[in-house]
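A quick write-up on the structure given underneath.
The values are calculated or read from the model by the stated rules, or taken from the named source; none is laboratory data. The shown structure was predicted, so the numbers you read here are calculated from the model rather than taken from an experiment. A quick note on method: Cβ atoms are made from the backbone with ideal geometry, for glycine too, and the neighbour counts reach across all protein chains shown. Note: areas computed on protein heavy atoms with side chains; ligands, DNA, RNA excluded. Shrake-Rupley method; radii C 1.70, N 1.55, O 1.52, S 1.80 Å.
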Amino acid sequence: GDPASCSYACPFRMDIRAFLEKAGKGRWLQAYKTLRNATVFPVIVSILCDQPCSEHCQRTLLGDEAIAVRDIEAAAIRYARSRKPESYVIPPKDKRVAVVGAGVAGLSCALHLAQKKFAVTVFEKESGWGGALRAHPRFAEFDADIALQFSAVEAPFRFDTDIRLLEALSGYDAVYVATGAGGDSFGLLGSWEGDLFTTSVPGVFLGGELCG
């Protein structure tokens, strides 16, 4: 059948019905995996999510309160037997990708590519990952979530490395720029194509808060 209206509202398009069904049966590991596969960083999402799905919850049509999905996400994280990420046995790709910026957008891109066995290197001008989340009072939890999700992949991080010119990354087959709100777009924001994340430079992509 069609996805539920709440799943359409979810920016991650999580199958909320399936998630709630698994949680309702106490199948916390399966519920957690549904959450993790949709959101990449489940702890970060369970804390920061503003629950747009609640506006589309079918229960409200019955005069009931919307389901507090965020609370159930937190429960799935707490009760899952093991949160160790799965390692995929697939042959490595010969393409090299540079990700500029280790905020959530850059991290998500790097993790997806590393899981598909691309050779990914992440460049970050600060001394650690997290971007704008580093200032959050619960950053220690976010930090642990990021470390856990990257524990099953190869993806070197180059911290304290400020990329000033894209030419410095000419040895890479593709570059994903996710330098955050107000970050350097290397003059490419005007040519950014939102549907595909492409720019006027072949192989250079922009994403995240940098693009609004």
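Its DSSP H runs of at least 4 residues, each contributing -39,500 (n - 2.57), put the calculated 222 nm mean residue ellipticity of the chain at -9500 deg cm²/dmol, to the nearest 500. Please say if region 107-212 is rounded, prolate or oblate, where rounded means a/c under 1.5 for a ≥ b ≥ c the square roots of the C-alpha gyration tensor eigenvalues, and otherwise the choice is prolate for a/b larger than b/c and oblate otherwise? Here region 107-212 falls in the prolate category. Under 5 Å between amide hydrogens, built in the peptide plane, is the criterion, and for VAL99 it picks out THR121, VAL122, PHE123, TYR176 among residues at least 5 positions away or on other chains.
Rounded, prolate or oblate: which fits region 2-50, taking a ≥ b ≥ c as square roots of the Cα gyration tensor eigenvalues, rounded meaning a/c under 1.5, else prolate when a/b beats b/c? Here region 2-50 falls in the oblate category. By the Cβ rule of 4.7 Å, the chain holds the following cysteines without a possible disulfide partner: CYS10, CYS49, CYS57, CYS109, CYS211. Structural descriptor for the chain: relative contact order 17 percent, calculated from alpha carbon pairs under 8 angstrom and at least 6 residues apart.
Across region 129-212, Cα pairs under 8 Å and at least six residues apart give a relative contact order of 25 percent. Along region 72-79 the Karplus relation, 6.51 cos²θ - 1.76 cosθ + 1.60 evaluated at θ = phi - 60°, assigns HN-Hα couplings of 6, 4, 4, 5, 4, 5, 6, 9 Hz to successive residues, with x for each Gly and Pro.
Rolling a 1.4 Å probe over the heavy atoms of the protein chains gives region 20-153 an accessible area of 53 Å² per residue. A simple spin-label model places pseudo-atoms 7 Å from Cα toward Cβ; at ALA168 and HIS136 they are separated by 2.7 nm.
Inter-label distance, GLU126 to SER151: 2.3 nm, where each label sits 7 Å from its Cα along the C-beta direction. Look at where the Cα atoms of region 1-74 and of region 155-212 average out, and the two centres are 32 Å apart.
Across q = 0.17 Å⁻¹, region 1-153 modelled as identical point scatterers on its alpha-carbon atoms has Debye log10 I(q)/I(0) values of -1.05, in the order of the q list.
Per-atom-type breakdown for the chain gives carbon and sulfur 53% of the accessible area (1.4 Å probe, protein chains only).
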